[in-house]
Amino acid sequence: MSIQASENKVMLTFDDGPNPVYTKEILHVLQQYGVKAAFFAIGQHVLEYPEVIREVANSGHTIGNHTYSHPDLLEISHEEILEEIARTEQAIVRLTGEKLFLFRPPYGHFDDAIVELVRQQGYTFLTWTRKLDSRDWQYEDEHVIVEYMMKRMENGGIMLFHDSSNERDASRAHTVRTIRMLIPLLLEQGYQFIDPQELLLQPRIITHSIDEVKYF
């Protein structure tokens, strides 16, 4: 999945937050460079750290629905999926007053029926550009991640990072360091950062590439 763009433009996205330490540090870096990003929040984390999700919203970033408990959607019923979506939406709207329009499936696992189910709830289904998965849940050396991402960067690419994790003690300090290095490098190479709010106005600029198992 990518964004139609006539210039060198890319999008930053973060999954699994909010986190009281790493989300705030990432917000600081984004503010420093005037970059807007999408934060796909887990409902349980939203309720645990309400002040952080408010800070994300107040900073002008887009908040997306990433379910309530981060289940594999292929392993639960459609009724359970709807409950996961609804509980997260209710929590975020109540805390921020913002209407959600982006949804991302945990693990990037879905099928055609799940896509249609999500769209029926009024959401735009957004995953990421497969080769721009930073794998920051696997690699903890920011230099390795930056080199990995820069080699694969492409026009319209949607980058995937994580500002938290299901594991409460998992560190995302290396993600913060990666973002602090990566953003100025991209700016120096002439890239601009897409504000995810553009997708609300032009959802058809999202392009899809399907592989044989529909995982992205």
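The values are calculated or read from the model by the stated rules, or taken from the named source; none is laboratory data. Computed from a predicted model, the values in this text were never measured in an experiment. Glycine also receives a Cβ, built like all others from the backbone with ideal geometry; neighbour counts cover every protein chain displayed. Please note that ligands, DNA and RNA were not included when accessible areas were found on the heavy atoms of the full protein model with its side chains. Shrake-Rupley method; radii C 1.70, N 1.55, O 1.52, S 1.80 Å.
Results, tabulated for the structure shown:
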item	result
Sole exception among (1) more than 22 Å from HIS78 (Cα to Cα); (2) β-branched (Val, Ile, Thr); (3) out of contact with any Ser or Thr (no Cβ under 6 Å at 6 or more places or on another chain); (4) touching a residue at least 24 places away in the same chain (Cβ under 8 Å) for THR129, by number	(3)
Residue pairs meeting the criteria (Cβ under 8 Å; at least 6 apart or on separate chains; first at positive phi, in region 51-72; second part of a loop (DSSP other than H, G, I, E, B) and surrounded by fewer than 17 Cβ atoms within 10 Å (Cβ to Cβ))	HIS70/ASN166
Residue that is touching an Asp or Glu at 6+ places or on another chain (Cβ under 6 Å), crowded, with 21+ Cβ neighbours inside 10 Å and under 18 Å from LEU182 (Cβ atoms), where the choices are THR67, THR23	THR23
Residue under evaluation GLN4, criteria (1) surrounded by fewer than 19 Cβ atoms within 10 Å (Cβ to Cβ); (2) farther than 28 Å from GLN189 by Cα, criterion not met	(2)
Residues (within 26 Å of MET159 (Cα to Cα), among the basic types (Lys, Arg) and open to solvent by 20 Å² or more (accessible area, probe 1.4 Å)) located in region 78-116	LYS99
Qualifying residue in region 167-182 (condition: among the hydroxyl-bearing types (Ser, Thr, Tyr), crowded, with 22+ Cβ neighbours inside 10 Å, assigned to a helix (DSSP H, G or I) and touching a His at 6+ places or on another chain (Cβ under 9 Å))	yes
Pairs, first within 14 Å of GLU147 (Cα to Cα) in region 162-184, second among the hydroxyl-bearing types (Ser, Thr, Tyr) and assigned to a helix (DSSP H, G or I), C-beta under 8 Å, six or more apart	THR175/TYR22; ILE183/TYR33; PRO184/TYR33
